[in-house]
C-alpha cells in the first residue's frame, strides 16, 4: 500500500473524491430531470416565467371552428411583439354576437374567457393525444401545438340571427316597444340538445383585446351596458308570463289541472275566477289577486273561459290559482327536474336560476301565486328557459345542452366527440303535446299574434312554418320597459328548432321581439334547414276553439 509524504492513503482519497463527484452528478441529473421533465410544463406555463413568451416557447393554440368547418379563431405569428409569440385572430365579422361565447385570449400572462378559457387545456395542448409530445416540445424549446375545437354552432343560422336583430327592430313608442340594444337569444335543436346559435348584445371586438389593447378592455369593463357579460348564460331576469308555461306544464303533468278547466267571472268564491279579485292563502301568506293584472278584461265577454284560454291570453289571475292549487312542493319539484336551483350541465358555466325566497324560507301561498305567473321570486337565465322549451318540443325528453361537436388533435385524430345525452324525461309526451297545442293558440289567437303596427309585418302568426310561442313581459320596475321574452318552437306538429329570445327592458314581447324571430325562422327554414311550409290554421280556428270570447 502506498502512502504519501504525510502518511495519507492516496487511493482512499481518490475514492472519496470520485464518490463525491458521482453524488454531485446524480443530484445534477435528478435536478435536470425534475425541472425539464417532471415540472417542465408547469414552469413553461407559469405567468412569471418570461421565457414562456419567447417565440420558440409560446404555444400555438388550436383553432376554433363552427360545426361545418368555418374558421372562427386561429393563432398567427405576431410580428409586432405586442403579445406572447402568437396573436389570436377572430373571424366574426358576420356574427359579432358570438364574441362572448368564444371569448378572448391574449397570452399565458393574462386571463381569458368563454371557450378560450374553459377549453384552454385542449387549445394549449396540455390535454389530448399530443400532451406527451408537447411536454417534450416544451423541454426542447419547440412550439407547443394545441388541438382544434369544432362547435355545434352553425354560422349560417348565427348570421341570420345577428342580421335580423339589427334590421328588424320596431321603432320605439314607449308603450309597446322601448329602445334597447341589450338582448339574448339561443337557437337549439331540441332532439339533440345542440346549440346552433347564441346571441348576446351588446358585444365587443375580441381582436382588439387579443392585440393587447388594454385601454379598450378597461373601457369594456367600465361600460354600464356590460358588453363582456355573456347574457344567455350569465344573466338572470324576471321571466314574466313565459313562466306560465312552467306552471301549465306542472299542473297538467301532475294531474292538478286540465286545459278545459273553467274559470268564471261570477265572484262566487266556490268557483275559480278569471277576473278577480280573489284572495288566496291565510294569515301572513294572504294575497289578493285581481282585478288588476287579469289581462283579459275588456275584450272577453263570455264566461266561463277555460285554462287554455287563460294561457292564450296570459291571464295572471287564472295562473295564480293554478299554481296555488298545484302546491308548492309539486311546483318546485317540476322546476328542479329542469335544473332550476342547480347547475345546468353545459360546456360553459351557467348562472344558477332560482324561484325561491333569498332567505330559503317557504314561498307561501302569496309567493307561489306570484311565481306561478312569472313574477315574485323568479329569476332565470335564457339557457334555463331553453331547457323547458327543448323538453316540450322533444315530447318530454330533456337533452343535455351541447356546444362542443368534436375536438381534433394536430394530426387530425378526433380525441373527443360527445354524443347526444338524455338527462331525464321530466314530463310525459302527452303533457308536452298539450303545452304545444296551447302555445299554438297563443300565436294564432292571443298575445303572440299582435305586433307594433299593422304596417310592420311579418308577425309570428304570418310565418308559413307554424311558429308556436309564449310571450312574457317581466316587470322590471320603474319607468323602463318590461323584460320582453319569447319562448318559441317551429313547426308546431314536429318542432325542429327552438328559439328563446329576450330584449332587456324591451317592452311587449310580441311587438319588440316577434318580428326578429319571425324573420329568423323564415330564413332558416327557407335556406338552411329546408322544410316544407305547414298547413295554415283554418280561418275560424280561434272562434271554433273558443280562444276568442
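What to note about this one:
- Only helices (runs of 4 or more DSSP H) whose full extent lies in the range 493-549 are considered here, and the ones with at least 2 residues that are within 27 Å of residue 239 (Cα to Cα) are 509-512, 514-527.
- Leading residue by the ranking (nearest to residue 77 (Cα to Cα)) among those in the range 114-139 that are in a loop (DSSP other than H, G, I, E, B) and modelled with pLDDT under 95: 124
- Per the conditions (1) modelled with pLDDT under 90; (2) surrounded by fewer than 24 Cβ atoms within 10 Å (Cβ to Cβ); (3) assigned to a helix (DSSP H, G or I), the sole criterion not satisfied by residue 478 is (3).
- In the range 61-102, the residues that are touching a strand residue (DSSP E or B) at 6+ places or on another chain (Cβ under 8 Å) and assigned to a helix (DSSP H, G or I): 97, 98, 99, 100, 101, 102
- Any chance residue 304 is in the same structural domain as residue 440 (by TED's automatic domain parsing), at pLDDT 95 or above and under 25 Å from residue 236 (Cα atoms): no
- Residues that are within 20 Å of residue 170 (Cβ to Cβ), within 27 Å of the chain's Cα centre (by Cα), modelled with pLDDT of 85 or more and outside any strand (DSSP E or B), drawn from the range 439-475: 442, 443, 460, 461, 463, 467
- Qualifying residue in the range 223-245 (condition: crowded, with 19+ Cβ neighbours inside 10 Å and more than 21 Å from the chain's Cα centre (by Cα)): no
- Scope the range 355-406; condition part of a loop (DSSP other than H, G, I, E, B), in contact (Cβ under 8 Å) with a residue 24 or more places away in the chain and more than 30 Å from residue 149 (Cα to Cα); matching residues: 355, 356, 362, 363, 373, 374, 375, 378, 395, 396
- Qualifying residue in the range 267-288 (condition: on the phi < 0 side of the Ramachandran plot, in a helix (DSSP H, G or I) and in contact (Cβ under 8 Å) with a residue 24 or more places away in the chain): yes
- Residue 507 vs. criteria surrounded by 24 or more Cβ atoms within 10 Å (Cβ to Cβ), over 24 Å from residue 331 (Cβ atoms) and modelled with pLDDT under 90: yes
- Considering the range 140-162, the residues that are farther than 13 Å from residue 198 by Cα and outside any loop (DSSP other than H, G, I, E, B) include one that is modelled with the lowest pLDDT, namely 145.
- Extreme residue, nearest to residue 417 (Cα to Cα), among residues of the range 186-198 that are part of a strand (DSSP E or B) and touching a helix residue (DSSP H, G or I) at 6+ places or on another chain (Cβ under 6 Å): 196
- Residue check, residue 320 part of a helix (DSSP H, G or I), in the same structural domain as residue 399 (by TED's automatic domain parsing) and either touching a residue at least 24 places away in the same chain (Cβ under 8 Å) or on the phi < 0 side of the Ramachandran plot (or both): yes
- No other residue among 514, 507 is in contact (Cβ under 8 Å) with a residue 12 or more places away in the chain, on the phi < 0 side of the Ramachandran plot and assigned by TED's automatic domain parsing to the domain that holds residue 467 apart from 514.
- Positions within the range 166-179 being out of contact with any helix residue (DSSP H, G or I) (no Cβ under 8 Å at 6 or more places or on another chain) and assigned to a loop (DSSP other than H, G, I, E, B), in sequence order: 171, 172, 173, 174, 175, 179
- Qualifying residue in the range 199-221 (condition: over 22 Å from the mean Cα position of the chain (by Cα), touching a residue at least 12 places away in the same chain (Cβ under 8 Å) and part of a loop (DSSP other than H, G, I, E, B)): yes
- The set of residues from the range 334-354 being without any contact (Cβ under 8 Å) to a residue 12 or more places away in the chain and in a helix (DSSP H, G or I) comprises just one member, 336.
The values are calculated or read from the model by the stated rules, or taken from the named source; none is laboratory data. This is a predicted model, so every value here is computed, not measured. Virtual Cβ from ideal backbone geometry, glycine too; neighbours counted across all protein chains shown.
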